[in-house]
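The values are calculated or read from the model by the stated rules, or taken from the named source; none is laboratory data. Bear in mind that the values here come from a model prediction, so they are computed numbers and not experimental data. Positions of Cβ are backbone-derived with ideal geometry, glycine not excepted, and every protein chain shown enters the neighbour counts.
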């Protein structure tokens, strides 16, 4: 069993980490931190875990690096960007494996980080060794990583459908458009007017236009897949549901679409997705008339992907659905943890 600490376990992602790791057969949770909940048990803060014997005994503490370094082998950082690096640096120096759910180590170029996050990178010396924690794309790198940068929720919904197509040169790297709709938990557990019930209920609105922070990691990973610089258009929307992301991508096939070649292009896309994800326990490629639906993925670590070719516009439309707190955050982090320590990939995730 691995001794695990969850740093920042009072947010939505931290709560989901707790829920999953409490039932992970290879995990002993030795420390959970939260300044606001310090001194209370996990069961007191999250009554839904009240029947679990560990939750009744495990007490939230202040996040102190020395305590984490001496008690844990693995640290999950469910902290805001900028803050996570303050813990990652000393914990890595102490020999821990760090799985970071913030954006601090997702972006390779510190200048790009500064551009999108409005501050200098807090630990640029670690960027070269950080592994982008997208398990379906970088499984081998994750298996030997000391520092895993778990992707953002929106990027996961964009990258998994698009990367195989770019690698296979089935779509052009230019002119990529993504529209995403996310539940309110994507904003985190915080008290702000924009996320009050009366502001969100019966409301759908875009935000972060035209330069949402997640664009940085999307363009980075798509550029790596394409072998060329990718600049894309991305518009996120807030919708009045608790959780879930639905993304629609508009892509241009490298082979112009005609009525005659639709079957062959369709077959190439299908073969490419099957080769990429046919053995994946968490990617569901939809067949026939089925289209992604958040109700099918909420509460799971799965992502649904479907596509349609539109000969009228010459576009390939690709759609995905995922849970922003599981596949888009905590579940994916645990998936990386499982790969890193050679546990079955789906442990505690199904």
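Which of the residues belonging to the range 312-350 are in a helix (DSSP H, G or I) and over 17 Å from residue 146 (Cβ atoms)? Walk me through how you get there before you give the answer.
Going through the range 312-350, the residues in a helix (DSSP H, G or I) turn out to be 326-340.
Correct list: 326, 327, 328, 329, 330, 331, 332, 334, 335.
Screening residue 226 against (1) crowded, with 16+ Cβ neighbours inside 10 Å; (2) under 20 Å from the mean Cα position of the chain (by Cα) leaves a single unmet condition, (2). For the residues 158, 209, 204, the requirement of being modelled with pLDDT of 95 or more, surrounded by 23 or more Cβ atoms within 10 Å (Cβ to Cβ), closer than 24 Å to residue 242 by Cβ and assigned by TED's automatic domain parsing to the domain that holds residue 237 singles out 158. Are any of the residues in the range 274-286 free of Cβ contacts under 8 Å to residues at least 60 places away in the same chain, touching a helix residue (DSSP H, G or I) at 6+ places or on another chain (Cβ under 9 Å), under 28 Å from residue 17 (Cα atoms) and assigned to a strand (DSSP E or B)? Within the range 274-286 (the criterion being free of Cβ contacts under 8 Å to residues at least 60 places away in the same chain, touching a helix residue (DSSP H, G or I) at 6+ places or on another chain (Cβ under 9 Å), under 28 Å from residue 17 (Cα atoms) and assigned to a strand (DSSP E or B)), the answer is yes, since at least one residue qualifies.
Would you mind stating whether residue 339 is touching a helix residue (DSSP H, G or I) at 6+ places or on another chain (Cβ under 7 Å) and farther than 28 Å from residue 131 by Cβ? In short, no.
Within the range 174-202, residues that are touching a residue at least 24 places away in the same chain (Cβ under 8 Å) and at positive phi have Cβ atoms under 9 Å from residues that are buried (at least 16 other Cβ atoms within 10 Å of the Cβ) and not in a loop (DSSP other than H, G, I, E, B) in these pairs: 175/250; 175/251; 188/12; 188/13; 188/195, counting only partners at least 6 apart in sequence or on another chain.
If you go through the range 28-44 one residue at a time, do you hit one that is crowded, with 18+ Cβ neighbours inside 10 Å and either free of Cβ contacts under 8 Å to residues at least 24 places away in the same chain or under 30 Å from residue 210 (Cα atoms) (or both)? Checked the range 28-44: at least one residue is crowded, with 18+ Cβ neighbours inside 10 Å and either free of Cβ contacts under 8 Å to residues at least 24 places away in the same chain or under 30 Å from residue 210 (Cα atoms) (or both). For the criterion of being at pLDDT 95 or above and out of contact with any strand residue (DSSP E or B) (no Cβ under 7 Å at 6 or more places or on another chain), residue 271 passes. Within the range 137-169, the set of residues being in a loop (DSSP other than H, G, I, E, B) and more than 17 Å from residue 232 (Cα to Cα) comprises 137, 138, 144, 145, 146, 150, 151, 168.
Would you tally the residues in the range 95-116 being surrounded by 15 or more Cβ atoms within 10 Å (Cβ to Cβ) and either touching a strand residue (DSSP E or B) at 6+ places or on another chain (Cβ under 8 Å) or under 23 Å from residue 9 (Cα atoms) (or both)?
11
Residue 209 satisfies every condition listed in (1) more than 24 Å from residue 256 (Cβ to Cβ); (2) in contact with a strand residue (DSSP E or B) (Cβ under 8 Å, 6 or more places away or on another chain); (3) in contact (Cβ under 8 Å) with a residue 40 or more places away in the chain except (3). Where helices (runs of 4 or more DSSP H) fall wholly inside the range 1-85, the ranges with 3 or more residues that are within 30 Å of residue 122 (Cα to Cα) are 12-21, 65-71.
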